[in-house]
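Quick note: the coordinates plus some simple rules give every number you see, no bench work behind them. The structure displayed is predicted, hence computed values, not measured ones. For neighbour counting, all protein chains shown are included, and Cβ atoms are generated from backbone atoms with ideal geometry for every residue, glycine included.
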Amino acid sequence: MNRIYLLVLAVFSVACGPKGPLPAKPAENVGRCVYTNGFSKKGECREYRGSKWTEATATADCKDQNKTIELGGTCAEFKETLGECVLGAADKYTWITMIGTDATTCASTKRGCEFFGGGVFGPSAVCGALDPDTSTGTGLPTFQWPELACKDPLPGEPAGKGPNGQVCTWEMISAATEEGRHFEDYASCDRVRTQRPYYAAPTELDATVDDPRMADPAYAAEVNWIKTQINATACVCCHSTKAPEGSSNWYVDQPGNFLNGFFKRGLAMGAGWIDTGGFGTFPVEQNNGFHRATPQTPTETIFVTTDQARVKRIFEAELVHRGITRDQFPAQSYGAGPLDDQRLYQASDCDNGEGVAADGTVNWRLGAARYLYVMEATSSPPGVPPNLDMPEGVLWRFDVPWTGAAVPSGSVTYGVSPEGTTQKAPLMGTAPALVSGKKYYLYVLADIAQPNTRCFFTAP
Ligand code: HEC
């Protein structure tokens, strides 16, 4: 019966062609640019919509795609599309048509738009009628859940503070080993590199040599201290020359003074001028004395450290040195980018049959689930582990281990965690029965930080 229901839904979607949450399309358009997306290697056509675009800015943008703008052109001729991706603000939209017919790429196309681009995705009929059974791909490695690694100290290093003198370290992006040791000696960076998109990116400036400030022993001592701190944390998995495909943005072992490699936004995150609480952290007592910002302590640094005040002083001094002032970073709660977009997401009512059906079947859209939550309607959206993934009011939640296969929509009954999954709520016993007529929050993720369905349903 559920199958028939989904089929009806699919036919309905094709017939009415719902366009998802796309904003109204402004009439003004400078022109179009047809190019190949360097990341997905797929064809795209973008229009420059809204009053703030000029011929010069649109021409420059198209040149960045290695193509020449066609003034006055539109993307309407492309009929075979996966959907549209809209970037930017109302008076300056980049309105992208994603060309293609391969429905297995719908989920990665949507996430490419939303997660990397920060855009809004409106699926075409091809992707709007997605068969959840065939779409699982996120285009990213599966998030591996943090584990606690306990190892004997390296020869020549003192005994550890863990059981039997071992050194115990969480294998997690926000974790630290013991102060003075190196993270990668005690934990797996391979696991850490599954926990957020990892790619190489250049530093701010090539200021690798001869920073005269390093001749000042007091200054050099502070730089060396913070390097020691960072070397104890999982940040080195991507922010050092040990990262297998190159370092991401700043790197701790940059020659000269590594602080010169930061962009100003990175420095402001270090100083606690930007709220980075959405990135997640361990409680200090579980993390070898290290911690960083939380949603409750948003002015702490993004760095995982044993001495908040000292780290913030160091980064503030760099900002002052570059002539950057705090008013360039107006109070905002979106320091963690897409993670904050998710954490602060305002859901609306389900309108495509998502939710728990009368026979208990759970339905959702846009791909199979690795994480599924049914929560009170008043609950906040879940964020990243270890501290933000279990909001108040979770009635039922299961996780698929990273080695397991994601669970398709329609194959799950409310309260019955599928075989091979881990029930995270309730920890004991069974989920409470849903009250007929009451609203609940269904939150389904393809993987950590990659939501599929987030909406309110009314229990039958
Ligand atoms: C799995 C890889 C990975 C790990 C681990 C990681 N980062 Fe990053 N980080 C990145 C990538 C990728 C970027 C973005 C590079 C770019 O696009 O410029 C980035 C960027 C940053 C930036 C710069 C933001 C900006 O706008 O300039 C800061 C600051 C930062 N990371 C801090 C940290 C800290 C602190 C840790 C450890 C607690 C950490 N990162 C761990 C991958 C990682």
- Note on the structure: For the pair Ala76 and Asp349, the simple spin-label estimate (label points 7 Å beyond Cα toward Cβ) gives in nm 3.5
- If we restrict to alpha carbons, what Rg and Dmax does the range 13-128 come to, in Å? 13.3, 40
- At q = 0.19, 0.23, 0.26 Å⁻¹, what is the base-10 log of I(q)/I(0) for the range 311-391 according to the Debye formula with one equal point scatterer per Cα and no solvent? Please give it to two decimals. -1.01, -1.27, -1.37
- Sequence of Glu318, Glu222, Glu80 once ranked by neighbouring C-beta atoms within 10 Å, starting from the fewest: Glu80, Glu222, Glu318
- Let me know the charge dipole size of the range 148-328 about its Cα centre in debye, to the nearest 20, where only the beta-carbon of Lys, Arg (+1) and Asp, Glu (-1) is charged. 340
- Task: Anything over 29 Å Cα to Cα? Flag those among Lys52/Lys312; Lys25/Lys63; Lys161/Lys312; Lys63/Lys110, in the order listed.
- Result: Lys52/Lys312
- Cross-link partners of Lys424 among lysines (Cα-Cα below 27 Å; sequence separation of 8 or more within a chain): Lys438, Lys439
- Query: Using a cut-off of 19 Å between alpha-carbon atoms, which aspartates and glutamates can reach Lys42, once sequence neighbours fewer than 8 places away in the same chain are excluded?
  - Reply: Asp61, Asp64, Glu77, Glu80, Glu84, Asp102, Glu114
- Message: Under 12 Å between alpha carbons, and skipping anything fewer than 8 positions from Lys264 in its own chain: which aspartates and glutamates qualify?
- Response: Glu204, Glu316, Glu318
- Task: For the chain, would you read off the P(r) tail past 44 Å as a percentage of all alpha carbon pairs?
- Result: 19
- Message: Using each residue's phi in the range 170-176, evaluate 6.51 cos²θ - 1.76 cosθ + 1.60 at θ = phi - 60° and report the 3J(HN,Hα) Karplus result to the nearest Hz, with x for Gly and Pro.
- Response: 6, 8, 8, 4, 9, 9, 9
- Note on the structure: A student asked for the Cα radius of gyration and Dmax of the range 345-458 in angstrom ought to give 12.6, 37
- Item | R0 of 30 Å, Cβ-Cβ distance Tyr35-Tyr199: FRET efficiency to nearest 0.05 | 0.90
- With a ≥ b ≥ c taken as the square roots of the eigenvalues of the C-alpha gyration tensor of the range 168-217, please select rounded if a/c is under 1.5 and otherwise prolate if a/b is larger than b/c or oblate if it is not? oblate
- Note on the structure: On each of the three principal axes the extent of the alpha-carbon atoms of the range 159-307, given in whole Å and largest first, is 45, 33, 32
- Query: Across the Cα atoms of the range 244-373, what radius of gyration and what greatest pairwise Cα-Cα distance (Dmax) are found, in Å?
  - Reply: 19.7, 65
